[in-house]
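Everything below concerns the one structure shown next.
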Amino acid sequence: MVDQFAGTWKMTVSDNFDAYMRAIGVGLATRKMGNVVKPTFIISVDDDGVTMKTLSHFKNSQITFRLGEEFEEKTADNRLTKTIVTFTDGKLVQTQTWDGKTTTLERTLHSGKLITTCTSGDVVAVRTYEREA
Ligand code: DKA
């Protein structure tokens with residue numbers, strides 16, 4: 001169930017994120033910020049659907065959506081994407097498409113940690129979040 005993801009998570013480890021940001025076209029100034037911030041990620045589930053908030057000194061962003069229904073997303077690096085989030089086999093998979101490009105953010109739970117795997121073509125970044133609440 002998506003409910004297992006609900007809560008407040010703090011990023012503790014980020015691997016290969018600069019390469020991932022380059023692969024999706026993030027400019028140098030934003031990449032510098034993206035490489036140093038350790039976001040807080042909050043997931044909640046209610047009658048309106050699933051809400052994901054990403055909070056950091058650099059930027060805050062929020063999306064609310066229903067699983068399997070496409071919506072428009074303005075990302076922290078200012079892409080305007082068509083986004084769809086699905087939940088299958090314990091994986092929360094967010095697929096963003098824009099300008100003929102696509103990327104996925106796959107979130108899973110392992111040993112009480114939330115693992116976000118960011119994929120663009122053959123570039124993969126892995127970010128680990130630990131539960132705060
Ligand atoms: C995550 O949830 C990954 C989010 C990917 C955002 C890509 C753009 C970031 C620009 C600072 O940990």
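The values are calculated or read from the model by the stated rules, or taken from the named source; none is laboratory data. The structure displayed is predicted, hence computed values, not measured ones. Don't worry about glycine lacking a Cβ; one is built from the backbone with ideal geometry, like all the others, and counts go over all protein chains shown. Accessible surface is based on the protein model in full, side chains and every heavy atom, while ligands, DNA and RNA are left aside. Shrake-Rupley method; radii C 1.70, N 1.55, O 1.52, S 1.80 Å.
Can you name the residue in region 107-131 that is aliphatic (A, V, I, L, M) and more than 22 Å from Met1 (Cβ to Cβ) and is also least open to solvent (accessible area, probe 1.4 Å) among such residues?
First, the residues of region 107-131 that are aliphatic (A, V, I, L, M): 109, 114-115, 123-126.
The next check asks that each one be more than 22 Å from Met1 (Cβ to Cβ); those that pass are 123-126.
Working: Val123: 34, Val124: 63, Ala125: 0, Val126: 51 Å².
For region 107-131, the residue satisfying everything is Ala125.
If we scan region 32-39, do we find a residue that is in contact (Cβ under 8 Å) with a residue 40 or more places away in the chain and surrounded by fewer than 18 Cβ atoms within 10 Å (Cβ to Cβ)?
no
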Suppose we filter Leu109, Leu114 for residues that are within 12 Å of the ligand (Cβ to nearest atom) and either out of contact with any Ser or Thr (no Cβ under 7 Å at 6 or more places or on another chain) or part of a strand (DSSP E or B) (or both); which single one remains?
Leu114
Checking Phe58 against (1) at pLDDT below 95; (2) touching a strand residue (DSSP E or B) at 6+ places or on another chain (Cβ under 9 Å), which test does it fail?
(2)
Do we have any residue at all in region 120-131 that's among the basic types (Lys, Arg), assigned to a strand (DSSP E or B), modelled with pLDDT of 95 or more and within 12 Å of the ligand (Cβ to nearest atom)?
yes
Given the options Gly25, Gly68, Gly34, name the one that is closer than 18 Å to Thr117 by Cα and in a loop (DSSP other than H, G, I, E, B).
Gly25
Count, please, the residues in region 40-54 that happen to be surrounded by fewer than 16 Cβ atoms within 10 Å (Cβ to Cβ) and within 16 Å of the ligand (Cβ to nearest atom).
1
If I filter region 16-38 for residues that are more than 10 Å from the ligand (Cβ to nearest atom) and polar (S, T, N, Q), do I get at least one hit?
yes
Checking Val85 against (1) touching a Phe, Trp or Tyr at 6+ places or on another chain (Cβ under 7 Å); (2) within 17 Å of Met11 (Cβ to Cβ), which test does it fail?
(2)
